[in-house]
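Enquirer: Dropping the structure in here first, questions after.
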Amino acid sequence: MHPNPGLYFDRFYDVWPDKWGTKEEPTAKALFLDRVITCAKAAKTDDALKVMLDRRQKLVDSRYGQSARFKSDWRWTAGLGRSSPVENGFNWHHSLGVPYLPGSSVKGMLRSWYETWGGSADDAKALFGPRPGKGVDLTAGRLIVLDALPVPEVKLVRDVMTPHYGPYYAGGDNPPAPGDWYSPIPIPFLTLAPGQVFDFAILPRRPQDRGILDEVMTQLAAALEWIGAGAKTAVGYGRFTRTDGKGAS
């Protein structure tokens, strides 16, 4: 059996100090992430991922959907807000053990694009359903958005963020000013290397809605290029451009 790197990341953090109440070594989290990367290389997830992509493409074709592949312009990460011993979480597909972007995240990104740049709130409501709210009659939209899956080869790399204003970010009733005199604290986190290809797929909820997919996929490409998907998109992560390859691997 091959290890599941997602399970290892979430459940097997093994660099706690021996004595209760003592701090970890400054490099402990980085060393653990390096072991996660080594685990991912040993997991040999490419075969299972190829099988999944092939099966999914058959589903997309049978449901009159469309898929397209996009390559990341820079590094990609997602799930940083998930609980984790290394302070920043990561999105792992539970059965495949690979990074992925949930369909709900793709849907939310695309909805925001339609509402702000690519159309209107009415377009977004028709395609994705109304936003929840008091007195809102919730109905399904015209589209089904699938998870975005990486295409082999998947290459994890370690990155680092260095927040300079720890006391300010800690908040409280009267937080101190975010001054430059605070010491930066390096925090390592996982990303995918630049140039990672992802497979995106969208299905019409009803066969008669398949005619709208050409325009939807055009808007998806624009959204991934201009606003990106995943975490830290405001600083350049998660931007994608469309590649020639599409469909089953």
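Enquirer: With R63, R55, R69 as the choices, which residue is crowded, with 19+ Cβ neighbours inside 10 Å, among the basic types (K, R) and modelled with pLDDT of 95 or more?
Expert: Exactly one residue qualifies, and that residue is R69.
Enquirer: While we're here: I'm checking my understanding of the structure. Among residues of the range 122-141 that are closer than 23 Å to F200 by Cβ and among the aliphatic types (A, V, I, L, M), which one is modelled with the lowest pLDDT?
Expert: For the range 122-141, the residue satisfying everything is A140.
Enquirer: Restricting attention to the range 97-121, and to residues there that are touching a residue at least 40 places away in the same chain (Cβ under 8 Å) and more than 30 Å from D10 (Cβ to Cβ), which single residue is surrounded by the most Cβ atoms within 10 Å (Cβ to Cβ)?
Expert: Filtering the range 97-121 for residues that are touching a residue at least 40 places away in the same chain (Cβ under 8 Å) and more than 30 Å from D10 (Cβ to Cβ), the one surrounded by the most Cβ atoms within 10 Å (Cβ to Cβ) comes out as Y114.
Enquirer: Which one is nearest to G81 (Cα to Cα) among residues in the range 108-148 that are in contact with a helix residue (DSSP H, G or I) (Cβ under 6 Å, 6 or more places away or on another chain) and among the basic types (K, R)?
Expert: R111
Enquirer: Which numbered condition trips up A124, out of (1) touching a Gly at 6+ places or on another chain (Cβ under 8 Å); (2) surrounded by 17 or more Cβ atoms within 10 Å (Cβ to Cβ); (3) among the aliphatic types (A, V, I, L, M)?
Expert: Evaluating A124 over (1) touching a Gly at 6+ places or on another chain (Cβ under 8 Å); (2) surrounded by 17 or more Cβ atoms within 10 Å (Cβ to Cβ); (3) among the aliphatic types (A, V, I, L, M) leaves (1) as the failure.
Enquirer: Taking the conditions exactly as written (within 23 Å of the chain's Cα centre (by Cα) and either in a strand (DSSP E or B) or hydrophobic (A, V, I, L, M, F, W, C) (or both)), does D244 satisfy them or not?
Expert: No, not satisfied.
Enquirer: Then there is this: List every residue pair whose Cβ atoms sit under 6 Å apart, with the two residues 6 or more apart in sequence or on different chains, where the first one lies in the range 48-73 and is farther than 16 Å from P99 by Cβ and the second, anywhere, is in a helix (DSSP H, G or I).
Expert: Every condition considered, the pairs that remain are Y64/P207; Y64/R210; Q66/L213; Q66/M217; S67/V60; A68/M217.
Enquirer: OK, next. One residue is enough: does the range 11-28 have a residue meeting the conditions in contact (Cβ under 8 Å) with a residue 24 or more places away in the chain and in contact with a Phe, Trp or Tyr (Cβ under 8 Å, 6 or more places away or on another chain)?
Expert: yes
Enquirer: Among L190, L213, L220, which is the only one that is surrounded by 16 or more Cβ atoms within 10 Å (Cβ to Cβ), touching a strand residue (DSSP E or B) at 6+ places or on another chain (Cβ under 7 Å) and under 26 Å from T27 (Cα atoms)?
Expert: L190
Enquirer: Could you list all residues from the range 74-94 that are hydroxyl-bearing (S, T, Y) and touching a residue at least 24 places away in the same chain (Cβ under 8 Å)?
Expert: T77, S84, listed by residue number.
Enquirer: Restricting to the range 84-97, and then to whatever is closer than 15 Å to R158 by Cα and modelled with pLDDT of 90 or more, can you tell me which residue is farthest from the chain's Cα centre (by Cα)?
Expert: N88
Enquirer: Among the residues of the range 98-115, write down those that are within 22 Å of L138 (Cβ to Cβ) and either among the polar types (S, T, N, Q) or within 15 Å of the chain's Cα centre (by Cα) (or both).
Expert: Of everything in the range 98-115, those that are within 22 Å of L138 (Cβ to Cβ) and either among the polar types (S, T, N, Q) or within 15 Å of the chain's Cα centre (by Cα) (or both) turn out to be P102, G103, S104, S105, V106, K107, G108, M109, L110, S112.
Enquirer: Okay, next question. Among the residues of the range 212-235, what is the count of those that are in a helix (DSSP H, G or I), of a type outside the set (S, T, N, Q) and closer than 20 Å to L127 by Cα?
Expert: Matching residues across the range 212-235 total 11.
The values are calculated or read from the model by the stated rules, or taken from the named source; none is laboratory data. Treat the numbers as computed from the prediction; the structure is a model and nothing was measured. So basically every Cβ, Gly included, is an ideal-geometry build from the backbone, and we count neighbours across all protein chains shown.
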